[in-house]
1. Tell me the relative contact order for the chain as a rounded percent, counting alpha carbon contacts under 8 Å between residues six or more apart.
2. Counting other Cβ atoms within 10 Å, which trypsin sites (Lys or Arg not before Pro) in the stretch 1-35 have at most 16 and lie in a DSSP loop?
3. Hey, how many Å between the Cα centroid of the stretch 38-62 and the Cα centroid of the stretch 70-87?
4. Let me make sure I get this right: for the stretch 3-297, a, b and c are the square roots of the gyration tensor eigenvalues over alpha carbons, sorted descending. Under 1.5 in a/c it's rounded, otherwise prolate if a/b > b/c, else oblate. Which is it?
5. Taking 7 Å along the Cα-to-C-beta vector as the label spot, tell me the Arg247-Asp177 distance in nanometres, rounded to one decimal.
6. Which of Ala214, Ala24, Ala274 moves the most in a Gaussian network model of the chain with Cα springs under 10 Å?
7. Counting other C-beta atoms within 10 Å, which of Tyr184, Tyr156 has the fewest, and how do the rest follow?
8. Scan around Arg99 for amide H atoms under 5 Å from its own, H built in the peptide plane at 1.01 Å from N, and keep only partners 5 or more places away or cross-chain.
Amino acid sequence: MTFDAKLDGYLKDKKKLVDQALEAYLPAENVYPSALIQAVRYSLFAGGKRIRPVLCLAAAETVGGDIKTTLPVACALEMIHTYSLIHDDLPAMDNDDVRRGKPTNHKVFGEAVAILAGDALLTEAFHLMARTDLMPEIDPAKLLVVVRDIAQAAGYDGMVGGQTVDILSEGRQGDPDTLNYIHYHKTAALIAVSLKSGALLAGANTVEVNALEAYGHHIGLAFQIADDLLNVEGNKELLGKNTGSDRERGKLAYPALVGVEVSRQKAFELTQAAIEDVALFEERALPLRWIAEYVVERSS
């Protein structure tokens, strides 16, 4: 079996688990207020790869845990990611009309409902993580640590902070420190905490948690650099969204600051660092090595 086939099979299996769990946790479209539930489900089931929840499950699996016990937290991470996409696409932010090959949420449901759909997803994520009845095997004290870490990675010291600096930097002369701040906080923080959370919930020791979190930081940065490159070189049909938007908006991005080739080399180096981070797990980390390589080789 080829590398591509193995990775594709692994991602599909884990995505299926996450999708089934999300379907079980969410209300049906006809539940009142149906306009809000429809908007939530529209973006949550728009065909995302589920990278963050998959990494959460993969981390738990790598340290020998039962991945099913981590599913509520994995699904919460996807809810937080989806809320951020809905809000990022709004006219006041990135003003995008297409996401994953479909009209963006606000184009279908209007700006007000799109904002509320994002709010609902973020709030429901924390409600889901507080459902100790869904995770009876998990020590509530450990779950509280995970909730705290995810809140930090999603808030002003993480994703929201990175997005703020990203927006404020548009059209301005950039520098590497600012760019790294944006990429680390906007993207890498939530990816790293996905791995850390899966490891903690599965009972990993400190060395294992630190290794998986370091892996997350490295592939998180590589993932965002790859996104920057796809915005320049990618096929919009495969991406399911418009390309060239970073340049048009004057966004601070790796290709604009250091060039395409240097950006590609940086992503490769980060991927190799990530693979080294999980070397201590030997064969158990094989899926994580596949995912690291996929991050820089993907076309969408």
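1. Numbers: 440 pairs, mean separation 57.7, N = 300.
Reported as a whole number, the value is 19 percent.
2. Details: sites: Lys6, Lys12, Lys14, Lys15, Lys16; in loops: none.
Loop-located and lightly packed - none at all.
3. 7 Å
4. Working: a/c = 1.59, a/b = 1.07, b/c = 1.49.
Taking the square roots of the gyration eigenvalues as a ≥ b ≥ c, the stretch 3-297 is oblate.
5. Here the modelled spin labels are 2.9 nm apart.
6. Between Ala214, Ala24, Ala274, it is Ala24 that shows the largest mean-square fluctuation.
7. On the way: Tyr184 18, Tyr156 12.
The most exposed by this proxy come first: Tyr156, Tyr184.
8. Amide H to amide H, under 5 Å and 5 or more residues apart or across chains, Arg99 pairs with Thr104.
Bear in mind these aren't lab numbers, they're just calculated from the coordinates by the rules spelled out. What you are looking at is a predicted structure, and each value in this text was computed from that prediction instead of being measured. Positions of Cβ are generated from backbone atoms using ideal geometry, with glycine treated the same way; all protein chains shown enter the neighbour counts.
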